[in-house]
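Encoded as structure tokens, the structure appears first; notes follow it.
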Amino acid sequence: IAFLCALLLPLTASADGRTMIVLDASGSMWGQIDGKTKVEIARETLSSVLEELSPETELGLVVYGHREKGNCGDIEVAVPAATGTADQIIAFANETKFLGKTPLSDAVQMAADALRSTEEKATVVLVTDGLETCGGDPCALGTALEQSGVDFTAHVVGFGLTDDEGKAVACLAENTGGNYIAAKDAAQL
């Protein structure tokens, strides 16, 4: 429930702009928390959260690691940000394969670029259970995005990360004025 609230808060807070959810579909999502895969938990949580949002909320979805193992370029804008996309996002997440690497910096950059087509407020919510595995620097990216002059905020949900791992991605959120939210176990989820 805490994870659900953690994801819902940044999405509802950004209702005055557009939001892109960045979903980690790397192979590590097959890990388990209290006997349930992170994949199952992520799908259920995403579905529950999106069903509660107003259909007027402009949402999109970027997914990484979902088509190929070992490919750092496996990133896709699966659902462009628009109103009424919740069902599309849920359907895509439910059909997604979880098998690749973790190019989270490039995925967040892709999401930011997709949101920059207008000058509206833009928010990215990254849900990840791992660290960058493709050479990107989340901290530097956060700084660059903040300095770009666009009203952009990144929130990061660390899903089963240790405290040290969380610090390695929290800076992405902190450097853009966003929040890092830790969801460490099934009770918190």
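Details
- Residues of segment 40-189: accessible area per residue with a 1.4 Å probe, Å²: 43
- The chain: Lys pairs at Cα distance under 27 angstrom, eight or more positions apart or on different chains: 19
- Debye, to nearest 20: dipole size of the chain, +1 on Lys, Arg Cβ, -1 on Asp, Glu Cβ: 320
- Packing-based order for 87-95, 156-164, using average beta carbon neighbours within 10 Å, highest first: 156-164, 87-95
- Cα gyration tensor shape for the chain, rounded if a/c is under 1.5, else prolate or oblate: rounded
- Look at the dipole of the chain built from charges on Cβ: of 28, 125, 82, the Cα furthest out on the positive end belongs to 28.
- Cα centroid of segment 124-155 to Cα centroid of segment 97-115, whole Å: 10
- For the chain, the mean residue ellipticity at 222 nm estimated from helices alone is -11500 deg cm²/dmol, where every DSSP H run of n ≥ 4 contributes -39500 (n - 2.57) and the total is divided by all residues, rounded to the nearest 500.
- Accessible area of segment 82-189 belonging to carbon and sulfur atoms, whole % at 1.4 Å probe: 46
- Sequence of 132, 56 when ordered by accessible area, the most exposed leading, probe 1.4 angstrom: 56, 132
- Net +/- balance of residues flanking residue 134 in space, Cβ distance below 10 Å, scoring K and R +1, D and E -1: -2
The values are calculated or read from the model by the stated rules, or taken from the named source; none is laboratory data. On a predicted model such as this, the values are computed, not experimentally measured, just so you know. Don't worry about glycine lacking a Cβ; one is built from the backbone with ideal geometry, like all the others, and counts go over all protein chains shown. Remember, those area values only see protein heavy atoms, side chains included, never the ligands or the DNA or RNA. Shrake-Rupley method; radii C 1.70, N 1.55, O 1.52, S 1.80 Å.
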